[in-house]
Amino acid sequence: MSLPPIGWAIIGPGRIAGRFAGSLNRSGDARLLAVASRDAGRAAAFAAANGASGAKVCSNAAEAAATPGVDAVYIASPHPMHHAAALTAIAAGRAVLCEKPMTLNASHSGELVAAARGRGTFLMEAMWTRCLPATKRIRAWLGEGRIGRPRLLTGGFGFACPPGRDRISDPALGGGSLLDVGVYPLAYAMMVFGAEPSAVTGCATLGTTGVDEQATISLAFPCGGLASLHCAVHLATDRTGRIHGERGTIAADQFWRATSARLEPVDAPAETFSEEPLTEGFDHQLAEVHRCLRAGLVESPSMPWSESLALARTTDALRRQWGLRYPGE
Ligand SMILES: NC(=O)c1ccc[n+]([C@@H]2O[C@H](COP(=O)([O-])OP(=O)(O)OC[C@H]3O[C@@H](n4cnc5c(N)ncnc54)[C@H](OP(=O)(O)O)[C@@H]3O)[C@@H](O)[C@H]2O)c1
């Protein structure tokens, strides 16, 4: 017997929400039932553009979460707005997929996790890298010991932000490279070494608005592994993630959205993994959320609460070193 599709509400119909709506359309197992925006016309236009003209136009997260038939809420507003919207959706008993970073800081993320645990609702930070077939292949290679113990990760994510994207530099919108793209290499390092870092050090260049335009980050892990990472929002950088192990190397170009990966063991022929058929990366994340909801899980094993909290503690530690606080913190 086929199950009814999962009903979704979207909060913040901006750039990334459009991509997520595309996944909803392709999944065949989802319906977009509500869109919340500060502007009713924008919400209606977004719904229509994404094949959901009948979706309810809402002015806030509470209204969207309360829409009949909504099972899950995707939060795609700027980072500082995630906390309140997610708390509202969780209180309404809805599952939440919350864009990265889950919130601005570990204190707020802890509140979300406590609320989801208390209410027994699903909550996941949208660290979609974890759901990609290439990432799963890399984890399998690591688990099989194909490069021995991983000892050093190098990688980063820097891009030249086009003009006009206020969110990237505005402190009131959680601007800066660490929370926008730095969370990808940080989460990747925690995945590779399977733990929260035991030491965190970073250097940042703060821009005229006071947020970090670029940063270098060094992490040490309890297993002795090290990570040398960077992030930037006004500079396109090398984006290869490279895991150096005792007996070989694994490399993934644009590791956070990888569609392929290369294994180079020192004592065996090299192997290349390529995703086939190639799927829009966000589709894998949606499939994972649906799988968890159908299985009655409250967190995804691919990005569990403990890792979102560890990630937020790590960005907090870096920001403390840089003296970077957001309004209201
Ligand atoms: N997973 C990924 O690959 C990925 C990629 C990019 C971004 N993201 C994450 O997704 C989130 C949104 O990023 P984005 O680039 O899509 O942002 P965006 O387009 O700048 O903003 C998204 C929407 O949020 C609402 N919004 C903007 N400013 C607001 C404010 N001051 N108060 C309340 N709502 C506001 C707007 O919708 P209304 O005006 O219609 O309410 C806007 O369309 C961020 O947390 C970001 O880190 C993830």
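The values are calculated or read from the model by the stated rules, or taken from the named source; none is laboratory data. On a predicted model such as this, the values are computed, not experimentally measured, just so you know. Every residue, glycine as well, gets a Cβ built from its backbone with ideal geometry; the counts of neighbours run over all protein chains shown. For the accessible areas, the whole protein counts, side chains as well, though only heavy atoms, and no ligand, DNA or RNA atoms are used. Shrake-Rupley method; radii C 1.70, N 1.55, O 1.52, S 1.80 Å.
Quick check on the range 63-100: of everything there that is open to solvent by 50 Å² or more (accessible area, probe 1.4 Å) and over 26 Å from Ala295 (Cα atoms), which residue is nearest to the ligand (Cβ to nearest atom)? By that ranking, first place goes to Met81. Pairing each residue of the range 292-306 that is under 22 Å from Ala187 (Cβ atoms) with any residue that is among the polar types (S, T, N, Q) and assigned to a loop (DSSP other than H, G, I, E, B), provided the two are 6+ apart or on different chains, yields C-beta distances under 6 Å for Cys292/Ser300.
Okay, residues lined up against (1) aromatic (Phe, Trp, Tyr); (2) more than 20 Å from Trp141 (Cβ to Cβ); (3) surrounded by 15 or more Cβ atoms within 10 Å (Cβ to Cβ):
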position: Val233; (1), (2), (3): no, yes, yes
position: Gly241; (1), (2), (3): no, no, yes
position: Gly281; (1), (2), (3): no, no, yes
position: Ala295; (1), (2), (3): no, yes, no
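What do you reckon, is Arg38 touching a residue at least 12 places away in the same chain (Cβ under 8 Å), part of a helix (DSSP H, G or I), of a type in the set (Lys, Arg) and on the phi < 0 side of the Ramachandran plot? The answer is no for Arg38. Can you confirm whether Thr315 is β-branched (Val, Ile, Thr), touching a residue at least 24 places away in the same chain (Cβ under 8 Å), in a helix (DSSP H, G or I) and closer than 26 Å to Ala215 by Cβ? Taking the combined requirement at face value, the residue satisfies it. Whether a residue is surrounded by fewer than 17 Cβ atoms within 10 Å (Cβ to Cβ), touching a residue at least 60 places away in the same chain (Cβ under 8 Å) and either on the phi < 0 side of the Ramachandran plot or of a type outside the set (Ser, Thr, Tyr) (or both) was assessed, and Pro327 passes this test.
Take Leu3 and decide whether it is open to solvent by 10 Å² or more (accessible area, probe 1.4 Å) and under 23 Å from the mean Cα position of the chain (by Cα). Let's see the steps before the verdict.
Numbers: open to solvent by 10 Å² or more (accessible area, probe 1.4 Å): yes; under 23 Å from the mean Cα position of the chain (by Cα): no.
Considered against the rule, which asks whether it is open to solvent by 10 Å² or more (accessible area, probe 1.4 Å) and under 23 Å from the mean Cα position of the chain (by Cα), Leu3 comes out as no.
Give me the residue from the range 6-25 that is in a strand (DSSP E or B) and within 16 Å of the ligand (Cβ to nearest atom) and, out of that set, most open to solvent (accessible area, probe 1.4 Å). Of everything passing the filter in the range 6-25, Ile11 is most open to solvent (accessible area, probe 1.4 Å).
Counting only residues that are open to solvent by less than 20 Å² (accessible area, probe 1.4 Å) and in contact with a Ser or Thr (Cβ under 7 Å, 6 or more places away or on another chain), how many does the range 189-206 have? Number satisfying all stated conditions: 2.
Scanning the range 101-137 for residues that are among the hydrophobic types (A, V, I, L, M, F, W, C) and within 13 Å of the ligand (Cβ to nearest atom) returns Met102, Leu104, Met124, Ala126, Met127, Trp128, Cys131, Leu132. For the range 41-62, the set of residues classified as assigned to a helix (DSSP H, G or I), more than 10 Å from the ligand (Cβ to nearest atom) and over 25 Å from the mean Cα position of the chain (by Cα) consists of Ala44, Ala48, listed by residue number. Taking Ala220 as the residue in question, decide whether it is of a type in the set (Gly, Ala, Ser) and within 16 Å of the ligand (Cβ to nearest atom). So Ala220 does not fit the description; no.
Pairs meeting the criteria (first residue in the range 175-187 and within 11 Å of the ligand (Cβ to nearest atom), second residue among the small types (Gly, Ala, Ser) and open to solvent by 10 Å² or more (accessible area, probe 1.4 Å), beta carbons under 6 Å, at least 6 apart or on different chains) are Gly175/Ser169.
Quick check on Gly176: is it at positive phi, open to solvent by less than 30 Å² (accessible area, probe 1.4 Å) and touching a Lys or Arg at 6+ places or on another chain (Cβ under 6 Å)?
Details: at positive phi: yes; open to solvent by less than 30 Å² (accessible area, probe 1.4 Å): yes; touching a Lys or Arg at 6+ places or on another chain (Cβ under 6 Å): no.
So Gly176 does not fit the description; no.
Of all residues in the range 51-67, those that are farther than 11 Å from Ser37 by Cα have Cβ atoms under 7 Å from Cβ atoms of residues that are open to solvent by 50 Å² or more (accessible area, probe 1.4 Å) and of a type outside the set (Val, Ile, Thr), 6 or more apart or on another chain, in Gly51/Asn25; Ala65/Arg94; Thr67/Lys56.
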